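Input: a single structure, listed below in structure tokens.
The values are calculated or read from the model by the stated rules, or taken from the named source; none is laboratory data. In this text, all values refer to a predicted model and were calculated from it rather than measured experimentally. Cβ placement follows ideal geometry from the backbone for every residue including glycine, while neighbour counts extend to all protein chains displayed. Only protein heavy atoms, including side chains, enter the accessible area calculation; ligands, DNA and RNA are left aside. Shrake-Rupley method; radii C 1.70, N 1.55, O 1.52, S 1.80 Å.
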Amino acid sequence: MTLDRAGSAPNKHAIVDARVIVTCPGRNFVTVRIETRGGVHGIGDATLNGRELAVASYLTDHVLPCLIGRDARQIEDIWQFFYRGAYWRRGPVTMTAIAAVDVALWDIKAKTAGMPLYDLLGGASRRGVMVYGHANGGTIDETIEQARHYRAMGYKAIRLQSGVPGLAATYGVSRDKLFYEPADSARPTEQVWSTAKYLPTVPKLFEAAREALGWEVHLLHDVHHRLTPIEAGRLGKDLEPFRPFWLEDCTPAENQESFRLIRQHTTTPLAVGEVFNSVWDAKQLIDEQLIDYIRTTLVHAGGISHVRRIAHLAELNNVRTGFHGATDLSPACMGAALHFDLWVPNFGIQEYMRHTAETDAVFPHAYTFDQGELHPGDAPGHGVDIDEKLAATFPYRAASLPISRLEDGTMSDW
Ligand code: EZ4
Ligand code: CO
């Protein structure tokens with residue numbers, strides 16, 4: 001049933017079409033497109049890196065058929081229907097599927113209202129959205145050279161990652177200058193990890209960066225879940241003299257309590273949560289003020305209807321947003337996230353990895369970069385669309401994220 005009053009005529013807001021579009025303009029993206037009887041359509045990103053077809057199947061087999069005939073205006077009820085109604089709750093596949101539907105419906109609602117999404121959410125709270133770019137290189141010198149390049153492009157915040165001497169490859173260091181794609185093979189490739197080799201390199205990188213770039217620029221670093229809590233405390237302490245903007249995902253966060261230990265040992269700000277998919281993954285971290293930035297973003301955590309709850313809880317606890325924005329999140333996620341960022345009172349920063357020209361062509365978008373900030377634009381909705389004809393020319397290609405092993409072969413966290 002829908003929530004229409006009995007006997008009411010079918011209205012122009014009824015959903016008449018809902019489909020999944022899988023495309024690979026350089027990398028795989030999954031997109032939900034929903035259309036109403038009145039001819040308004042909206043899109044939402046449903047990309048889960050390395051697990052794209054699982055989300056596509058969840059949507060096609062279980063979610064989209066239930067959407068037909070529903071009133072596109074009832075976003076909250078539809079969200080609850082797919083969350084509570086599934087019985088099996090949470091998890092990245094489910095929450096990504098729900099997110100895509102939710103963002104597409106918010107796109108439709110804002111278009112119907114004739115408003116940019118940020119206006120519908122409550123209006124702009126700032127002039128632009130500060131983003132951080134990614135300087136990475138095989139060596140510290142190469143990373144610094146890249147960071148200078150980002151400074152020249154106007155970036156106010158830069159993430160620094162460099163290769164680790166003695167390790168053949170590591171997360172966050174790409175072969176290409178502007179683009180980073182870790183999903184490099186149909187079956188997971190293997191990388192070797194050594195905390196002992198990694199730990200001394202990061203303070204050296206930050207020391208060199210402050211010397212070369214000065215103190216005006218915000219510098220960030222991602223640990224990608226590789227340390228134990230006490231090692232993370234040590235790294236945070238070692239980085240304090242260089243005033244990092246944040247240390248990201250310094251330890252796996254299934255055990256939220258473990259951040260108490262890290263907090264006791266360092267004043268380096270902590271960012272966590274790109275792999276979270278609901279408020280329940282972050283509740284203790286936020287309630288106890290164990291982190292400074294929450295990184296969940298729309299696509300993997302239930303869309304606007306759920307992430308705004310996370311943001312509000314965070315606001316009560318002096319935690320700011322710092323949404324994930326890697327290239328495996330499509331422009332449809334980025335566009336919607338920028339509207340959210342422009343509105344949300346406790347905004348911190350937004351990650352921004354550029355997409356390739358092919359991806360940008362498949363997803364025409366209204367957002368623009370200027371002087372280290374992105375602006376979502378003023379087009380009604382979230383301002384991102386999909387060119388389905390062009391999308392169809394880029395068929396799906398299987399690609400997995402790598403895995404990580406310690407030097408003795410033990411499986412580790414990638
Ligand atoms: O490795 O999104 O902060 N950004 C990151 C990302 C993740 C990828 C995984 O698909 O850690 O680059
Ligand atoms: Co990260």
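Scan the stretch 289-307 for residues that are within 16 Å of ligand 2 (Cβ to nearest atom) and closer than 23 Å to residue 266 by Cβ and the total you get is 6. With free of Cβ contacts under 8 Å to residues at least 60 places away in the same chain and of a type outside the set (Ser, Thr, Tyr) as the only criterion, which of 376, 364, 345 stands out? Step by step, each of 376, 364, 345 is checked, and only 364 is free of Cβ contacts under 8 Å to residues at least 60 places away in the same chain and of a type outside the set (Ser, Thr, Tyr). Being open to solvent by less than 10 Å² (accessible area, probe 1.4 Å) and within 23 Å of the chain's Cα centre (by Cα) is a property that residue 63 has.
In the stretch 154-177, of all residues being of a type in the set (S, T, N, Q) and within 14 Å of ligand 2 (Cβ to nearest atom), the one that is farthest from residue 193 (Cα to Cα) corresponds to 174. Scanning the stretch 178-223 for residues that are within 23 Å of the chain's Cα centre (by Cα), more than 16 Å from ligand 2 (Cβ to nearest atom) and open to solvent by less than 30 Å² (accessible area, probe 1.4 Å) yields one hit, 217.
Looking at the stretch 162-244, the helices (runs of 4 or more DSSP H) lying wholly inside it that each contain 3 or more residues that are in contact with a helix residue (DSSP H, G or I) (Cβ under 8 Å, 6 or more places away or on another chain) sit at 201-213, 229-239.
Does residue 144 fit the bill of being open to solvent by less than 20 Å² (accessible area, probe 1.4 Å), touching a residue at least 12 places away in the same chain (Cβ under 8 Å), more than 16 Å from ligand 1 (Cβ to nearest atom) and in contact with a strand residue (DSSP E or B) (Cβ under 6 Å, 6 or more places away or on another chain)? Criteria not met by residue 144. Counting only helices (runs of 4 or more DSSP H) that fall entirely inside the stretch 278-376 and contain at least 3 residues that are open to solvent by 10 Å² or more (accessible area, probe 1.4 Å) and not aromatic (Phe, Trp, Tyr), the qualifying elements are 283-287, 304-316, 357-362. Only a single item in (1) free of Cβ contacts under 8 Å to residues at least 60 places away in the same chain; (2) in contact with a helix residue (DSSP H, G or I) (Cβ under 7 Å, 6 or more places away or on another chain); (3) open to solvent by less than 40 Å² (accessible area, probe 1.4 Å); (4) assigned to a loop (DSSP other than H, G, I, E, B) is not met by residue 274, and it is number (2).
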